[in-house]
Amino acid sequence: AQYSGLGSTGIEVFSKLTVACNRVEACVGVHLMTQKNKGRDLQGALLYDSKKYQGEWPPNLPDNFNGETAKLVWSAGDNCQKDKLWCGFGPASTTKASAAVNLGWNGWESYVKTASEGNIPPLAISKDEKEIIPQYSTESNSSGPRLLYESLNMVDTSLKRIERLYSGKAKVIVGKIKRPENEPVATRIRIYSDGSYSTLLYDGRQLAFFAHGYDPLFIYDYKEVFKNVFDAGTKQFSKAKPEDIRSLSGALSLEGNNKSTTKINYERKIRTRMPLFKDWGHNGGPITVTAAIGTLSSGDSFFIEGLSRIPYVLVISAHGYIKKDISIDENEDKFIELGEIELKKALTLKIRYKTRIRHKDGLWIEEEGKKSASLIVDGVNKFLFTNERDGLGTKLALRMKPKHDGIEAGFFYYKANSFFDFGNRKLSEAPAWNDIDTSSMKGYHRAMLEDGHLYLFRIKDVRDIDIEMFFEIQQVD
């Protein structure tokens, strides 16, 4: 029974056929069709046991595939006419033949369903179709058959990016990890509910997972199971050795006021910046998970133990003060004393602004009137200047960052000439949108803000959106 319209690559076709075959007792395996144009021809087949199957041929679809309806097709072809290996020619009543073992379709890959497990383990068929090499172990549970990895649905997207973004210098890694109990896992990729993952990995990069109290889990060994797709199997964390466990201590205070009732929060986080892709920009910011949270008063001390040799960061924050991140050296031994950690008072800005937004192929959307906002610049808060969103649905905001006793404004997307300083002027003195002339002005990708100055933020063609905004800065004592 041959099917088409199942997906864009062989991985997706295989996943859907596997689900279908597991629902039918008479189905004994799955076959993926020949390659065309450097990819699959988007077809696959369910293999039936003629002794077990007693229904009308061709069989009905077992069910829709993951909510997508597949089309049942029959194809004659030269082999069907000449060798009678498999026939789909003519109406259903005349298509009685089926494929014998190791025969038919000029096979690229075939798979069998084991009677003991009830699931389909992938089996790679050599070119002469004589040697069957197991690639996966099977899994089953009381609720019925399931795919080997929930993450397989992301493989197609990654495969398409290999040539488009990386000129073939990358691979797709799939696998599964056993998570430690009661400890979050930090990694740059998504981990599915079954512990599986799927990610694009640029040549020379390394995939890693981190958990508090455990050694780093690096993924080194994997086997190629499809073209450019490698399976790392199931890995698990190892508890850190006693000699690799460290402790951390220090004291917290607020600038100029040790008697303040303001509470200080401290968080033990795991933060990884290990790049997976070709450059740092495509990886975005660091991925962080919170492993523990505590609250103290100014002047109190803290003691944290059980730190393994992974990338920890201690995050200290309090309302109205500048957040402080302290990275913990993975190579530092045993007792780590940080001393007194003081949080500095955050500056508060009053911002008057007006904006206009243009979506792809659309007209400018001008916000009505002038607006104002108050912002505590603590290293966390962002200046959200519109309710519009970009083409990916992301909120649009400027990042206001404390820097060198001042404030730096930036945007998530690095682009030259995004900010222009119009000097000590009021928002009411800003030129009309169509009269803006920055040809003689110096532009910046980020801007150190000065009290009382008027700025233009302008950026084009970022996620299908253009932005123009004038904003006036006033520092509040």
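The table that follows gives values for the structure above.
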{"item": "Residues within the range 340-363 that are in contact (Cβ under 8 Å) with a residue 60 or more places away in the chain and under 32 Å from the mean Cα position of the chain (by Cα), tallied", "result": "6"}
{"item": "Residue that is modelled with the lowest pLDDT [pool: residues in the range 191-206 that are under 19 Å from MET274 (Cβ atoms) and of a type in the set (Gly, Ala, Ser)]", "result": "GLY204"}
{"item": "One residue from PHE218, PHE209 being at pLDDT 90 or above, loosely packed, with under 15 Cβ neighbours inside 10 Å and either assigned to a strand (DSSP E or B) or among the aliphatic types (A, V, I, L, M) (or both)", "result": "PHE218"}
{"item": "Considering residues of the range 274-291 that are within 17 Å of ASP325 (Cβ to Cβ) and at pLDDT 75 or above only, the residue surrounded by the fewest Cβ atoms within 10 Å (Cβ to Cβ)", "result": "THR290"}
{"item": "Condition check for ARG309: in contact (Cβ under 8 Å) with a residue 40 or more places away in the chain, within 30 Å of ASP477 (Cα to Cα) and among the basic types (Lys, Arg)", "result": "no"}
{"item": "Residues within the range 132-166 that are of a type in the set (Gly, Ala, Ser) and at pLDDT 50 or above, tallied", "result": "2"}
{"item": "Selection count where residues are surrounded by 16 or more Cβ atoms within 10 Å (Cβ to Cβ), among the aliphatic types (A, V, I, L, M) and within 23 Å of the chain's Cα centre (by Cα), scope the range 364-397", "result": "1"}
{"item": "Residues located in the range 379-427, provided they are farther than 18 Å from LEU349 by Cα and polar (S, T, N, Q)", "result": "ASN387, THR394, ASN417, SER418"}
{"item": "LEU307 modelled with pLDDT under 95 and buried (at least 18 other Cβ atoms within 10 Å of the Cβ)", "result": "yes"}
{"item": "Count - residues of the range 435-452 that are part of a loop (DSSP other than H, G, I, E, B), out of contact with any Leu (no Cβ under 9 Å at 6 or more places or on another chain) and buried (at least 17 other Cβ atoms within 10 Å of the Cβ)", "result": "0"}
{"item": "Residues located in the range 285-314, provided they are assigned to a strand (DSSP E or B), within 27 Å of the chain's Cα centre (by Cα) and under 30 Å from ARG399 (Cα atoms)", "result": "ILE287, THR288, VAL289, THR290, ALA291, ALA292, ILE293, TYR312, VAL313, LEU314"}
{"item": "Filter result for ILE407 (buried (at least 18 other Cβ atoms within 10 Å of the Cβ) and closer than 27 Å to ASP437 by Cβ)", "result": "yes"}
{"item": "Strands (runs of 3 or more DSSP E) wholly inside the range 332-434 containing at least 1 residues that are at pLDDT below 95 and not polar (S, T, N, Q)", "result": "335-343, 347-359, 364-366, 371-377, 382-389, 395-403, 406-410"}
{"item": "Residues that are in contact (Cβ under 8 Å) with a residue 60 or more places away in the chain and in a strand (DSSP E or B), drawn from the range 458-473", "result": "ILE465, ASP466, ILE467, GLU468, MET469, PHE470, PHE471, GLU472, ILE473"}
{"item": "Set ILE328, ILE322, ILE336: member being within 28 Å of PHE457 (Cα to Cα), surrounded by 15 or more Cβ atoms within 10 Å (Cβ to Cβ), in contact (Cβ under 8 Å) with a residue 24 or more places away in the chain and not acidic (Asp, Glu)", "result": "ILE322"}
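Residues checked against (1) out of contact with any helix residue (DSSP H, G or I) (no Cβ under 7 Å at 6 or more places or on another chain); (2) over 30 Å from GLY213 (Cβ atoms):
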{"site": "ARG309", "(1), (2)": "no, no"}
{"site": "VAL313", "(1), (2)": "yes, no"}
{"site": "ILE328", "(1), (2)": "yes, no"}
{"site": "ILE341", "(1), (2)": "yes, no"}
{"site": "THR348", "(1), (2)": "yes, yes"}
{"site": "ILE357", "(1), (2)": "yes, yes"}
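Yes or no, residue by residue, for (1) among the hydrophobic types (A, V, I, L, M, F, W, C); (2) more than 30 Å from ALA292 (Cβ to Cβ); (3) buried (at least 16 other Cβ atoms within 10 Å of the Cβ); (4) modelled with pLDDT of 90 or more:
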site	(1), (2), (3), (4)
GLY168	no, yes, no, no
ARG179	no, no, no, yes
ILE189	yes, no, yes, no
TYR222	no, yes, yes, no
PHE230	yes, yes, yes, no
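The values are calculated or read from the model by the stated rules, or taken from the named source; none is laboratory data. These numbers were taken from a predicted model, which means no experiment stands behind them. Heads up, the Cβs are rebuilt from the backbone with ideal geometry, glycines too, and the neighbour counts pull from every protein chain shown.
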